[in-house]
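The numbers here are math on the coordinates, done by the rules we state, and not lab data. Source: prediction; values computed, not measured. As a convention, Cβ positions derive from the backbone with ideal geometry for all residues, glycine included, and neighbour counts pool all protein chains shown.
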Amino acid sequence: MTASNSRFPHPSQANEDGLLAVGGDLNPETLLEAYGSGIFPWYAEGEPILWWSPNPRTVLFPENFHRSRRLKRRLKQMRYQCFMDKDFEAVIQACAKPRREKDGSWGGTWILPEMIEAYLRLYILGYAHAFEVYDGDELIGGLYGVRLGHVFFAESMFSTQRDGSKMAMSYLCDWAMDSGIKMIDCQMTTTHLCSLGAENISREFFLKQI
């Protein structure tokens, strides 16, 4: 399967793992067409660009976001401040840093330099946004993604302090409900996302929503 600059196969043609197409580019037009079709890029260094449309799809409806008692207490602390688009590049750079795995090893990153450049272009064009949490002057958590219409396509999050990414997601959900966002695309299931209220829906239902 090969992706062109202007057309992708229908998501229903993805394989069992959700892989839909290989190749193409990361130009703004390509990315926006992909997101608008329920497709996103995800690949590692040394690989061609891989385009995915998994089934089921993990999403979070903003009104269903779960705030634990600990998170609610942390959000009330005056030391933490939340911002949108204060420093988009700092957020994506933090998301791109290698992370320690459960076994103590350091994992790689799929957010390669060309991915950073691509989403910075989308940010400049007004499509990509970052949600940031600061402890004083220190950026301690955040996430970024792409907004199209009433859907926010979340790409990655990071945290350097406990609950940093959860606070960023809480801020995103509040903003989403105030801004007419009906659904946050989380792409694939993780225990962390499920603990925040994310759920799986079918690809067919997801495509109807976007």
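List every residue whose amide H lies under 5 Å from the amide H of TRP52, counting only residues 5 or more places away in sequence or on a different chain, with H placed 1.01 Å from N in the peptide plane.
For TRP52, whose amide H was placed from the backbone, the distant partners under 5 Å are LEU20, PHE40, TRP42.
Take the alpha carbon atoms of the chain, find their radius of gyration, then divide it by 2.2 N^0.38 Å using N residues; give the quotient.
0.99
Starting from the Cα of GLU29, step 7 Å along the direction of its Cβ; do the same at PHE205; then give the gap between the two resulting points in nm.
3.6
Starting from segment 1-95, pick out the trypsin sites (Lys or Arg not before Pro) whose DSSP state is loop and whose Cβ has at most 12 other Cβ atoms within 10 Å.
Taking segment 1-95 and a limit of 12 other Cβ atoms within 10 Å, the loop trypsin sites (Lys or Arg not before Pro) found are ARG7, LYS76, ARG79.
From zero up to wherever the largest Cα-Cα distance of segment 11-54 sits, split into 10 Å bins and tell me the percent of pairs in each.
Bin by bin from 0 Å, the calculated values are 31, 57, 12.
Quick one: dipole size for segment 1-96, taken about the Cα centre, charges +1 on Lys/Arg Cβ and -1 on Asp/Glu Cβ, in debye to the nearest 20.
My answer is approximately 1200 debye.
Suppose we keep just the DSSP beta bridges with both residues in segment 89-192; what percent of those would be antiparallel, to 5?
Once the DSSP bridges in segment 89-192 are tallied, antiparallel ones form about 85 percent.
Longer than 28 Å from Cα to Cα, which of LYS76/LYS208; LYS86/LYS182; LYS76/LYS182; LYS72/LYS208; LYS97/LYS208 are they? Say none if no pair is.
LYS76/LYS208; LYS72/LYS208; LYS97/LYS208
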